[in-house]
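I have placed the structure first, in the form of structure tokens, so that the comments after it can refer back to it.
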Amino acid sequence: MATSVLLPSVPDAEFRDFMRHWPTGVAIVTTTGAHGPAGCTVNALMSLSVEPPLLLVSLCEDSRTLEAIRGTDLFGASILEAEQGELSERFCHCAPAERFAGLDLRVEHGVPLLADAAAQLVCSVQELHRCADHVLVVGAPVWQSVDPAREPLLLHRGGPRRIVG
């Protein structure tokens, strides 16, 4: 068994610079809150297991979206399409009341999803794990839709990128 060695941490800014070199997709995590739909931009989303199918998403501990998920035990993930960079910014920086304004939504199992996304998934919450200032939400998929004609939005070095074949 390995023992933990206390070493100084990499400064926050340097760690952010390291992570900017990791290409990632962008999704909007959504649910229904007490005052209507709730949602935020995430790039910390991954398959946790295939058997059984489980999705993992990381949300800030004080996220309004996380608070709403805790109230419903359901959440959705809409993987943004290459042309939806504006939505990534909107769900990251706009006031919660403005995030869904004028958007076409699809509702599955009571969860609002972005209608024009590259792929959509609804999950039931299986587990919540606190880790530093975030909560890891483990969900079991209960519904999905994928549009293979749509390319996903990718971020790399702080900006949007396209898949070049």
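Taken together, the values in this text are just the output of simple stated rules run on the coordinates, not laboratory data. Fair warning: this is a prediction, and the values are worked out from it, not measured in the lab. Cβ sites come from the backbone with ideal geometry, for glycine too, and all protein chains shown count toward neighbours.
Going by how many other Cβ atoms sit within 10 Å of their own, how do 94, 40 line up, fewest first?
By the 10 Å Cβ count, ascending, the order reads 94, 40.
Taking square-rooted eigenvalues a ≥ b ≥ c of the alpha carbon gyration tensor, is region 25-144 rounded, prolate or oblate, where a/c under 1.5 means rounded and, failing that, a/b exceeding b/c means prolate?
It is rounded, given that a/c, with a ≥ b ≥ c, falls under 1.5.
Mind ranking 12-21, 109-118 by how tightly packed they are, going by the mean number of other C-beta atoms within 10 angstrom, highest first?
In descending order of packing, they fall as 109-118, 12-21.
Report the local net charge at residue 66: Lys and Arg +1, Asp and Glu -1, summed over other residues whose C-beta lies under 14 Å from its C-beta.
In short, -3.
Could you tally the net charge around residue 18, taking each other residue with its Cβ under 12 Å from the Cβ of residue 18, Lys/Arg +1 and Asp/Glu -1?
Working: positive: 16, 20, 157; negative: 12, 14, 17.
Cβ neighbours under 12 Å give a net charge of 0.
Which value in nm describes the separation of the simple spin-label points at residue 138 and residue 14, placed 7 Å from the Cα toward the beta carbon?
Here the answer is 3.4 nm between the modelled labels.
Which distance in nm do the two modelled labels at residue 61 and residue 105 give, with both placed 7 Å along the Cα-to-Cβ direction?
In this crude spin-label approximation the distance works out to 2.9 nm.
Just want to confirm a number: the relative contact order over the chain, from Cα pairs under 8 angstrom separated by 6+ residues, in percent. Kindly include the intermediate steps, with their values, before the conclusion.
On the way: 319 pairs, mean separation 43.9, N = 165.
That works out to 27 percent.
Tell me, how many Å apart are the Cα centres for region 20-85 and for region 120-162?
What the calculation gives is 5 Å, centre to centre.
What is the sum of charges, Lys and Arg at +1 and Asp and Glu at -1, for the other residues whose Cβ falls under 12 Å from the Cβ of residue 33?
That works out to +2.
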